[in-house]
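The values are calculated or read from the model by the stated rules, or taken from the named source; none is laboratory data. In this text the structure is predicted, and so the values were computed from the model without any measurement. Here the Cβ positions follow ideal geometry from the backbone for every residue, glycine too, while neighbour counts run over all protein chains shown. Surface areas here come from the heavy atoms of the whole protein model, side chains and all, with no ligands, DNA or RNA. Shrake-Rupley method; radii C 1.70, N 1.55, O 1.52, S 1.80 Å.
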Amino acid sequence: MTQQGAVLQGYNNELVKCVEDLCMQKEELNKQIQQAEEEKNKLQHEIQVLSEQLEHVCENLAQKVASRNELDKILAETEAAYMKILDSSRTLLNVLKKEAGSLKHSPELKTN
């Protein structure tokens, strides 16, 4: 009977050791889970911050693109108006030259 008691005690010792090993594995796994949750929360916070920064940059970019488009429109209108002024100036100069030329040939302006 003592031999059976010794075998039973051996089984019990192995069982206790296995349970202790499982408890240590569980404790280690709990630490890993806690670290992973902390990393997940940190990354989620960083994603939120980056998303807000991205939204701000996109809004800023949209405003700048709208301003550039408005400047492009103003520049195009200014160039068109300037081209009209140049064309009018050329026409005026041509008319003035023609009139001045016809005055030179006029008998009233000739001096004797």
- Task: Residues being within 19 Å of the chain's Cα centre (by Cα) and open to solvent by less than 100 Å² (accessible area, probe 1.4 Å): count how many of those fall in the stretch 60-87.
- Result: 6
- Residue pairs qualifying under the 9 Å Cβ cut-off, at least six apart or on distinct chains, with the first in the stretch 7-35 being in contact (Cβ under 8 Å) with a residue 40 or more places away in the chain and the second being assigned to a helix (DSSP H, G or I) and of a type in the set (S, T, Y), are none
- Test A100 against the criterion of being open to solvent by less than 100 Å² (accessible area, probe 1.4 Å), modelled with pLDDT of 95 or more and small (G, A, S), and give yes or no. no
